[in-house]
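Taking it in order: structure first as structure tokens, then the write-up.
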Amino acid sequence: MKILLMGEYSNVHATLAEGLRKLGHEITVLSNGDFWKNYPRDIDLVRKPGKLGGIAYMTRLYTILPKLRGYDIVQLINPIFLELKAERILPIYRYLKQHNRKIILGGFGMDYYWVSGCCYNKPLRYSDFNMGESLRTNTDALKERKDWLGTEKERLNRIIAEECDGIVTGLYEYWTCYHPIFPDKTTFIPLPIKPHIPAPAQEDNQAHIEDSQVLSMRIPEKIKIFIGINRSRSEYKGTDIMLKAAQAIAEKYPDKLELRKAENLPFQEYVKMMNGSDAILDQLYSYTPSMNPLEAMSRGIICIGGGEPENYEIIHEPNLHPIINVQPNYESVCEELEKLILHPELIPILKKQSMEYIEKSSPWRTSGHCLRVFSALAPRNW
């Protein structure tokens, strides 16, 4: 099939493209690399600041538009799949719909149905927007509500969701907001992650990473905990609380815990800092691990974050539960970190299980799920 993947969040499209190409399909990724994260893409479309940057962006967009025709599938990462206002994206969407066979909308991040679902229907016990029946009032949550509810972004999201041929969600949280409204065309497909380490045999003490680094499978004398901070989203994602909890435990057990912190780094630099860690602290208000902790797990790094029962249920995994689940509060993070410090014998076991977990959701398997959806929408005579 000929497939166009437009936009990028957290390396989803770049990784999916790799898996689809391995299966013999023609894939084009068009994105801005997800801003400073700078993920790989085939067509680079980055908007520079200022009025001249906007003019240059529009000029390049309209220059490449004729090349974005004749695809079997166009998958949009989000309703805002370009660095444009919603009202300017709508005619581009119409053009893509007219000149390609099928359009898929991705439910991979911030959009109207996510904000609306969490604020009104509240299908989740907690989220980026609610704690039980109460709405969160931090600055980022209020900003996103203002941005998506009753605005042109809401209108664009509604139009695309209603008109598109299918909706693919990558996390349980997004699925639970889209599926009740569009049950016939919403599909959950796990996020694509490339395994980096073959899961070692139980008696092995180490595993070899692709870039010649070695992952120790022994019980560590000092546990290395990694946390990635996006300064502009720290309160919203709960990494501020995660960091405070980790600092408190590091102060309590200075000889047993080493805390590593990365802030606003491009993806390749982020990975270099993360490598060699024993565990990663993920988002606080999530039921499920997102791309970065899944990438960490593929490297034998334990995820401390969202591992609620719903995460395992939607991927049909009754036995393999390697994620250290935390509740959305400081005390829970401290408690789980302290358990890990006091029971380091669990670390080699959880590392091995983390790699096995990723093996089950490799990009080739995810790509197979996608192809079944794509082929049903746009069948071809092979």
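Residues checked against (1) within 20 Å of Ile241 (Cβ to Cβ); (2) at pLDDT below 95:
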{"position": "Val271", "(1), (2)": "no, yes"}
{"position": "Cys303", "(1), (2)": "yes, no"}
{"position": "Glu317", "(1), (2)": "no, yes"}
{"position": "Pro322", "(1), (2)": "no, no"}
{"position": "Glu331", "(1), (2)": "yes, no"}
{"position": "Glu336", "(1), (2)": "yes, no"}
{"position": "Leu342", "(1), (2)": "no, no"}
{"position": "Glu359", "(1), (2)": "no, yes"}
{"position": "Thr366", "(1), (2)": "no, yes"}
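Do we find that Asn275 is among the polar types (S, T, N, Q) and closer than 18 Å to Lys222 by Cβ in this structure?
Answer is yes for this residue.
Select from the range 338-352 the residues that are over 19 Å from Leu294 (Cα atoms) and crowded, with 19+ Cβ neighbours inside 10 Å and list them in ascending order.
The one that is over 19 Å from Leu294 (Cα atoms) and crowded, with 19+ Cβ neighbours inside 10 Å: Leu340.
Assigned to a loop (DSSP other than H, G, I, E, B), at negative phi, out of contact with any Leu (no Cβ under 7 Å at 6 or more places or on another chain) and free of Cβ contacts under 8 Å to residues at least 60 places away in the same chain: does that describe Pro293?
no
Select, from Gly228, Gly238, Gly170, Gly276, the only residue that is under 24 Å from Met6 (Cα atoms), small (Gly, Ala, Ser), modelled with pLDDT of 85 or more and surrounded by 14 or more Cβ atoms within 10 Å (Cβ to Cβ).
Testing whether each residue is under 24 Å from Met6 (Cα atoms), small (Gly, Ala, Ser), modelled with pLDDT of 85 or more and surrounded by 14 or more Cβ atoms within 10 Å (Cβ to Cβ) leaves just Gly170.
Exactly one of these conditions fails for Phe35: (1) surrounded by fewer than 17 Cβ atoms within 10 Å (Cβ to Cβ); (2) more than 15 Å from Met291 (Cβ to Cβ). Give me its number.
If we test Phe35 against (1) surrounded by fewer than 17 Cβ atoms within 10 Å (Cβ to Cβ); (2) more than 15 Å from Met291 (Cβ to Cβ), just (2) comes out false.
List, please: which pairs have Cβ atoms under 8 Å, are six or more places apart or on different chains, and start with a residue in the range 270-288 that is more than 22 Å from Pro344 (Cβ to Cβ) and outside the structural domain of Leu135 (by TED's automatic domain parsing) and end with one that is among the β-branched types (Val, Ile, Thr) and part of a helix (DSSP H, G or I)?
Gln283/Thr239; Leu284/Thr239; Leu284/Ile241; Leu284/Val333
Please work out if Leu16 is modelled with pLDDT under 95, assigned by TED's automatic domain parsing to the domain that holds Gly109 and either among the aromatic types (Phe, Trp, Tyr) or within 26 Å of Tyr178 (Cα to Cα) (or both).
yes
The values are calculated or read from the model by the stated rules, or taken from the named source; none is laboratory data. Please read these numbers as outputs of a predicted model, since none were measured by experiment. Positions of Cβ are backbone-derived with ideal geometry, glycine not excepted, and every protein chain shown enters the neighbour counts.
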